Amino acid sequence: MTLLEKIGSQQSRLGGTAVYDWDYLVQEHRAHRLIYTDPAIFETEMTNIFGGTWVYLAHESEILHENDFITRRMGLRPLIVVRDGVGKIRALYNRCTHRGTTLCRWEKGNTKSFQCPYHGWNFLNTGKLRGVPWPEGYAEDMRDPKYNMAQLPRVESYRGFIFGTLNIDALPLVEHLGAIAPMIEEWLNRNPGGKVVVCEANRFRFKGNWKLAYDNCCDGYHVAYSHRSLLETENRFAGENAKGMAYYRNSPDTQPMYMRYTSHGNHFKDKRPNLEKRPGGLWALESAHPGMEHYEAEFIRRYGDRAFELLDLAGSEPVNINVFPNFSLLGNHIQVFEPISVGETNAIWYGTMIVDDGRIGDAVQDINALRMRTQEGFPNFGEVDDIANFEQIQRGLMAPEDEWIYMHRGLGVPDRIKQQEDGSITAPATDEAFMREHLKEWKRLMKTRPNLAIQREP
Ligand code: FES
Ligand SMILES: [Fe+2]
């Protein structure tokens, strides 16, 4: 039995945002500056989007054992994502039910219970209130479930990626992911055992709206310009062999790479068709890093014929797989966007390691050591360029009279955008179709009144 508490069953301030004309603010070819700058719209997003749809929370490898926990956020809600004593994954509100202080101040750890630092109320990692100091001071029975921690009513994993939502009517996660799910599978399945383990992260914070990052994550139009210095660095010693993202340099739309929009705001950019299909084809693209020649020579010495196949496991996979609103697989990274306010966002890049499935043995350490080097390059070095642009966009959008941004690249150009049999849309790499589509999903979510609830242990 679960106890659900419905949210927003009476008219709330959020209802006030009905005064916005969403169809005016987001049109087919342009979007209004207010969707990036208006605090009331941001507040509604934190409920309708970062509450009303599936939001990425954490990876199962971060809470591998019973009683492991990690602290995260879903929109502005502080959460403790925990694997309880019987292995069930829960997302508890990191908020004491007594007077509301942050209950757990640690980033991660292993515990069966959380003790509030303020007055010492103690909660099991199922969220249940275990006891309070000097209970005789309460006239009431403190076992009332209303004192148990709030938690998300829906938490589901897909191949190790944990998502949560407050929306009790949300589709099952795998249905919601739809045609993007096989892309996530492929990203995983190139690794031994079809899995990754999440390591530490490179953390950025920028002064801009969270959507600026999502608008960029499938954008192939900016690369040759925004990342020019990175492309030049990657190709400085490359001679005729184009390295890194060099395929963006000259008319990228004639390259075999493409973008695809699937559903629910999800999209991906597939740059794999640009690669040579041979062992070492991916590795050949890696730009020079300090010590790389030495590593490569050592791989050939140690692993002989298998060396290039193994080196490919250290190379950055050239795909961008984006799940609206806050999750992106890029290269070998998991990128997560965390809104802080209408004009401030965290962009966190989690590195990943591979594990041995019994077939690669000791090579796994060599691959992971090299993988760390490649993860120091793109996309982390690209992110600084992107963030500079996000901050400058936010500044530009503060000019009230100049109201619109345009996203119509590709729109109306004959034969450019293709509707696929599975309902997805494909277009050349620099097309803005992905942005038009995810902003339609954004608009749909902002217009609906989602059926939200929290849950407490009975
Ligand atoms: S606020 Fe947690 S015990 Fe008082
Ligand atoms: Fe970029």
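The values are calculated or read from the model by the stated rules, or taken from the named source; none is laboratory data. Small disclaimer: the values here were computed from a predicted structure and weren't measured. When we count neighbours, we look across all protein chains shown, and the Cβ atoms used for this are built from the backbone with ideal geometry, even at glycine. These accessible areas exclude ligands, DNA and RNA; they are computed on the full protein's heavy atoms, side chains included. Shrake-Rupley method; radii C 1.70, N 1.55, O 1.52, S 1.80 Å.
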Per residue, the convex hull enclosing the Cα atoms of the stretch 31-92 spans a volume in Å³ of 91
Residue-level accessible surface for Asp362, protein heavy atoms, 1.4 Å, Å²: 120
Expressed as a fraction of 2.2 N^0.38 Å, the rule-of-thumb size for a compact globular protein of N residues, what is the C-alpha radius of gyration of the stretch 48-128? 1.06
Rolling a 1.4 angstrom probe over the protein chains, ignoring ligands and nucleic acids, what is the accessible area of Met245 in square angstrom, nearest 10? 10
Tell me, how many Å apart are the Cα centres for the stretch 248-310 and for the stretch 127-176? 43
Cα convex hull of the chain - mean projected area over all directions, nm²: 24.4
Approximate spin-label separation Glu298-Arg203, in nm, with each point projected 7 Å along Cα-to-Cβ: 3.1
7 Å from Cα along Cα→Cβ at both Asp23 and Glu140: what's the point-to-point distance in nm? 4.7
Sites removed, the longest contiguous part of the chain containing no DSSP-loop GluC sites (Glu not before Pro) with at most 15 other Cβ within 10 Å is 277-400
Using a 1.4 angstrom probe on the protein heavy atoms only, could you order Ser328, Ser263 from most to least accessible area? Ser263, Ser328
Over its Cα atoms, what ratio of radius of gyration to 2.2 N^0.38 Å does the stretch 325-417 give? 1.57
7 Å from Cα along Cα→Cβ at both Glu185 and Glu5: what's the point-to-point distance in nm? 4.0
Calculate, in nm to one decimal, what His289 and Tyr406 gain on full extension: separation in residues at 0.36 nm each, minus their alpha carbon distance. 38.3 nm
Bin width 10 Å, origin at 0, all Cα-Cα pairs of the stretch 234-297: what percent of pairs per bin? 18, 42, 27, 11, 2
Using a Förster radius of 22 Å, what is the FRET efficiency between Thr448 and Val174 based on their Cβ-Cβ separation? Nearest 0.05, please. 0.55
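Multiplying the sequence separation of Asn122 and Asp253 by 0.36 nm and subtracting their Cα-Cα distance, what value in nm do you get?
Once the chain is fully extended between Asn122 and Asp253, it gains 41.3 nm.
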Cα principal axis extents for the stretch 110-260, largest first, Å: 79, 33, 33
Can you give the FRET efficiency to the nearest 0.05 for Glu66 and Lys440, using r as the Cβ-Cβ distance and R₀ = 30 Å? 0.10
How large is the Kirkwood hydrodynamic radius of the stretch 360-458, in angstrom, based on all distinct alpha carbon pairs? 18.9
His438, His98, ranked by accessible area, largest first (probe 1.4 Å): His98, His438
So, with a 1.4 angstrom probe, what is the percent of accessible area on the chain that is carbon and sulfur? 52
Taking every alpha carbon pair in the stretch 191-272, what does the distance histogram look like in 5 angstrom bins from 0, in percent? 3, 11, 15, 17, 20, 19, 12, 3, 0
Could you order Met259, Met353 so the one with the most accessible surface comes first? Probe is 1.4 Å. Met353, Met259
Give me the mean projected area, in nm² to one decimal, of the convex hull enclosing the Cα positions of the stretch 394-441. 4.7
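Please report, in debye to the nearest 20, how large the charge dipole of the stretch 1-145 is about its Cα centre when each Lys and Arg carries +1 at its beta carbon and each Asp and Glu carries -1 there.
Here the stretch 1-145 has a charge dipole of around 340 debye.
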More than 16 angstrom separation, counting every C-alpha pair in the stretch 126-173; what % is that? 57
So what is the accessible area of the stretch 277-394 per residue, in Å², with the probe set to 1.4 Å? 38
How do 207-215, 247-255 rank on mean C-beta neighbours within 10 Å, highest first? 207-215, 247-255
